[in-house]
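The values are calculated or read from the model by the stated rules, or taken from the named source; none is laboratory data. Keep in mind that this is a model prediction, so the values were computed, not measured. Positions of Cβ are generated from backbone atoms using ideal geometry, with glycine treated the same way; all protein chains shown enter the neighbour counts. These accessible areas exclude ligands, DNA and RNA; they are computed on the full protein's heavy atoms, side chains included. Shrake-Rupley method; radii C 1.70, N 1.55, O 1.52, S 1.80 Å.
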Amino acid sequence: MFNTNALHNILNILITLSALLVAILLATGCTQLADGTLECSQSSVGPSFTALAVAGLGALKIVVNIVRDGLSGLVKPQPPVIK
């Protein structure tokens, strides 16, 4: 069976790295406007790429949860970890 816990951890790492990508965008010429949006006309990487990456990875995590535990598994308490 596929190890969904490992996949979750990989997705968590990728989502964290996407935050790093935002920092890179800011370092490469993007500026944050007063309303919180990024203006990247001076950057070689656009913010839409970052937004799509974060949304896609988050959606993938939800799909993995639904496939693994069913729709009701999204809200049920998790069993304790046995060591």
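In the context of the full set of protein chains, residues of the stretch 6-83 present 71 Å² of accessible surface per residue (probe radius 1.4 Å, heavy atoms only). Between 0 and 90 degrees, rounded to the nearest ten: what's the tilt of helix 4-27 against the longest Cα principal axis of the chain? The answer is roughly 10 degrees. With a Förster radius of 30 Å applied to the beta-carbon distance between residue 52 and residue 75, the computed FRET efficiency rounds to 0.65. In the chain, the calculated helix contribution to ellipticity at 222 nm averages -20000 deg cm²/dmol per residue, counting -39,500 (n - 2.57) for every DSSP H run with n ≥ 4. For the Cα trace of the chain, dividing Rg by the Kirkwood Rh returns an Rg/Rh value of 1.14.
For the chain, averaging the sequence separation of C-alpha pairs within contact (under 8 Å, six or more residues apart) and dividing by the residue count gives a relative contact order of 25 percent.
Only protein atoms count toward the accessible area here, which uses a 1.4 Å probe; on the chain, the carbon and sulfur part of that area reaches 69 percent.
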